[in-house]
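The values are calculated or read from the model by the stated rules, or taken from the named source; none is laboratory data. Note that the structure is predicted; figures quoted are calculated from it, not measured. Here the Cβ positions follow ideal geometry from the backbone for every residue, glycine too, while neighbour counts run over all protein chains shown.
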Amino acid sequence: MGRPEKKMCSEQSEPVEVNRFIFLLMPGFSVLDLGSGLESLTAANEKLGRAFFQWNTVSETGGSVTSSSGLSVDVDSALPDLRRGDCVVICSAFNTQEYPKSGKSAAWLRQSARRGALLCGLGGGALFLARIGIANAGRISTHWRLKPIFQENYEQLDPACTIFEETGNVVSCGGGAATLDLFSAFISQKAGFEISGQVADHLLCASVRDGNSRQIVASFRHAEYRNEKLSKAIAYMQDCLEDPVSPTVVAEQVGMSTRQLERLCKKHLGTTPKSYMMNLRLDKARALLQQTDMRVIDVATASGFSSVSVFGKHYKRRFDISPRSETTVLVH
């Protein structure tokens, strides 16, 4: 899929190694993640007028891979031998419990890390790198849906809902639209800021976020634009899911009255502060049930519920399924 690999020369006639990206596609991967990376690199080569970047798509078997949207994608090859300086981009589903930790892909990624490759996990790819022990310390960027998984299962990591992070030979990114920001940074680092700007213009990116920018879900973004105190209240609620607090405490923390908080939540979020926080807790619980092997009682505690029965009642009301029915059969 990539342009032919060849060495180029700089203005000083010094050899420049082609920058090679290997996109590992795993079942359930996001087409948006793959497309954002490929289109960015393609546009960069076009602006440079040469095959500065080279890429390949691979899968564990060399066969086609089905994305989260049901699209079947053919790849260039099975898992190749890598060299120092290559960048492996892991495109996977959010639910990485479906991937065996002792499978061929995991072994290949560990070997790639030992050989000095840069490993880049997009979305669920970052979680998979943690599951197989490659991402084992430091700060890591995670999609906001996956942050509870890191908090409960990977205490050695510092999960952050940023656009992307780099720790050692691991780059992590929340995926989705953030993939464009990540590849803009890759292109800027390798080919210069001017080229990355031209790529952004080509892809109609009105603005490119830096790695430390915060991921913002729709309700948070809406609140942030409309009311600064409400955005702070939402952020505080998100930090208190394991030990939930009352709307009164939330209001006090951000310098407003309880009545004012209730009015703002109703206006901008369409619900009460209490209901909004309950939904945050239940969303966290669902992520833990679907993507970890935690017991239901432990999930209930981690989500701020005092008993399994109370947890089960609220969960069934929200998702029309019991917590025990959500648990998955883990593959090891």
**Report entry** Residue ID - surrounded by the most Cβ atoms within 10 Å (Cβ to Cβ), chosen from residues in segment 165-192 that are within 13 Å of Ala126 (Cβ to Cβ) and among the acidic types (Asp, Glu)
**Finding:** Glu165
Query raised in the report: Would you pick out the residues in segment 167-191 that are in a loop (DSSP other than H, G, I, E, B) and under 16 Å from Asn136 (Cβ atoms)?
Result: Gly168, Asn169
Requested in this report: Scan segment 39-57 for residues that are farther than 22 Å from Ala178 by Cα and among the hydrophobic types (A, V, I, L, M, F, W, C) and report the count.
Outcome: 3
Report summary line: Counting only residues that are at pLDDT 95 or above, surrounded by 15 or more Cβ atoms within 10 Å (Cβ to Cβ) and charged (D, E, K, R), segment 70-87 contains a total of 1
Query raised in the report: When you go through Glu242, Glu326, Glu262, Glu252 one by one, which is the residue that is over 25 Å from Ala93 (Cα atoms) and under 24 Å from the mean Cα position of the chain (by Cα)?
Result: Glu242
Report task. Specify the residue that is nearest to Ala106 (Cα to Cα); the eligible residues are those in segment 68-96 that are among the small types (Gly, Ala, Ser) and touching a residue at least 60 places away in the same chain (Cβ under 8 Å). Result -> Ser92
Report task. Restricting attention to segment 101-119, report how many residues are exposed (fewer than 15 other Cβ atoms within 10 Å of the Cβ) and either in contact with a helix residue (DSSP H, G or I) (Cβ under 9 Å, 6 or more places away or on another chain) or β-branched (Val, Ile, Thr) (or both). Result -> 0
Query raised in the report: In segment 42-77, which residue that is part of a helix (DSSP H, G or I) and among the hydrophobic types (A, V, I, L, M, F, W, C) is farthest from Phe186 (Cα to Cα)?
Result: Leu48
Query - Val58 in contact (Cβ under 8 Å) with a residue 40 or more places away in the chain and surrounded by 17 or more Cβ atoms within 10 Å (Cβ to Cβ) - result: no
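Every residue, every condition in (1) assigned to a helix (DSSP H, G or I); (2) modelled with pLDDT under 95; (3) surrounded by fewer than 19 Cβ atoms within 10 Å (Cβ to Cβ), yes or no:
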site	(1), (2), (3)
Glu5	no, yes, yes
Gln12	no, yes, yes
Phe23	no, no, no
Pro27	no, no, yes
Gly35	yes, no, yes
Ser40	yes, no, no
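Conditions tested, residue by residue: (1) within 22 Å of Lys147 (Cβ to Cβ); (2) assigned by TED's automatic domain parsing to the domain that holds Ala300; (3) surrounded by 15 or more Cβ atoms within 10 Å (Cβ to Cβ).
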position: Ala233; (1), (2), (3): yes, yes, yes
position: Cys240; (1), (2), (3): yes, yes, yes
position: Asp243; (1), (2), (3): yes, yes, no
position: Ser246; (1), (2), (3): no, yes, no
position: Gly255; (1), (2), (3): no, yes, no
position: Glu262; (1), (2), (3): no, yes, yes
position: Leu269; (1), (2), (3): yes, yes, yes
position: Pro273; (1), (2), (3): yes, yes, yes
position: Tyr276; (1), (2), (3): yes, yes, yes
Query raised in the report: What number of residues within segment 76-116 satisfy the criterion of being touching a Leu at 6+ places or on another chain (Cβ under 8 Å) and closer than 15 Å to Gly28 by Cβ?
Result: 7
Report task. Out of Leu127, Leu122, report the one residue that is buried (at least 20 other Cβ atoms within 10 Å of the Cβ), in contact (Cβ under 8 Å) with a residue 12 or more places away in the chain and under 22 Å from Asn56 (Cα atoms). Result -> Leu122
Report task. Enumerate the pairs (first residue in segment 250-275 and under 16 Å from Ser231 (Cβ atoms); second residue anywhere and surrounded by 13 or more Cβ atoms within 10 Å (Cβ to Cβ) and among the acidic types (Asp, Glu)) with beta-carbon separation below 7 Å, excluding pairs fewer than 6 apart on the same chain, so at least 6 apart or on different chains. Result -> Pro273/Glu262
